[in-house]
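Nothing in this text is a laboratory measurement; each read-out follows from the coordinates by a stated rule. These figures come from a predicted structure and were not determined experimentally. Cβ: placed from backbone, ideal geometry, glycine included. Neighbour counts: every protein chain shown.
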Amino acid sequence: MRITGLTPILNVSDIHASFEWFAKWGWRRGFEWGDPPTFGSVVTQACEIFLCQGAQGGRGKGSNTTTFGVEAGSETADKGVWMSVWVDDVDAVHACCIAQGIEVMFPPTDMPWGVREMHVRHPDGHVFRIGRGSADAEDCD
């Protein structure tokens, strides 16, 4: 089997608010479908995420204030999708997110598995692990 792509579908409560949220950290609207729109996408370079208002998949924002750390249940409180987004500069994305008022759930941190990562949370409880592999990380090849 040769896989040529993968597009996650996020259940969102408000598709237009989600378009705006993604735009704050550099994504743009790909398409919208329906009247009024209930399905669409956001894109950045070769990556695309579908957004489905009130349907496919789960969502749910927890009361947690962090995704990793001392807060009990912090990794399981949100009921949305968790996704990893790989970038060139985690700290630059962090600065952008702070400037745009995006909820940062975990600040840029060098993790023991060889990734510098941070987490942001979408208003519907979807968590994005934004990371970059360290120069010391081994290749999986």
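Considering only DSSP beta bridges where both residues belong to the range 9-133, give the percentage that are antiparallel (nearest 5).
Working: 23 of 32 bridges.
Roughly 70 percent of the beta bridges in the range 9-133 run antiparallel, per DSSP.
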Run through the range 55-124 and list the chymotrypsin sites (Phe, Trp or Tyr not before Pro) located in a DSSP loop whose Cβ has at most 13 other Cβ atoms within 10 Å. W113
Ratio of the Cα radius of gyration of the chain to 2.2 N^0.38 Å, where N counts its residues: 1.08
Dipole of the chain (Lys/Arg Cβ +1, Asp/Glu Cβ -1, origin at the Cα centre): which of G40, S84, W21 lies farthest to the positive side? G40
Given charges at beta-carbon only (K, R positive; D, E negative), |dipole| of the chain in Debye: 420
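Say R0 is 30 Å: what FRET efficiency, to the nearest 0.05, do D88 and Q56 get from their beta-carbon distance?
The formula returns an efficiency of 0.45 here.
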How high is the relative contact order of the range 9-133? Use alpha-carbon pairs under 8 Å, at least six apart in sequence, and give a whole percent. 23
Want the number for E20 to F68: 0.36 nm per residue separation, take away the alpha-carbon distance, what's left? 14.7 nm
Full-extension gain in nm, A99 to V43, via 0.36 nm per residue minus C-alpha separation: 18.1 nm
What value, in deg cm²/dmol to 500, does the helix sum -39500 (n - 2.57) over DSSP H runs of n ≥ 4 give at 222 nm once divided by the residues of the chain? -4000 deg cm²/dmol
Just to verify a number: FRET efficiency for T76 and W113, C-beta to C-beta distance, R0 = 25 Å, to 0.05? 0.80
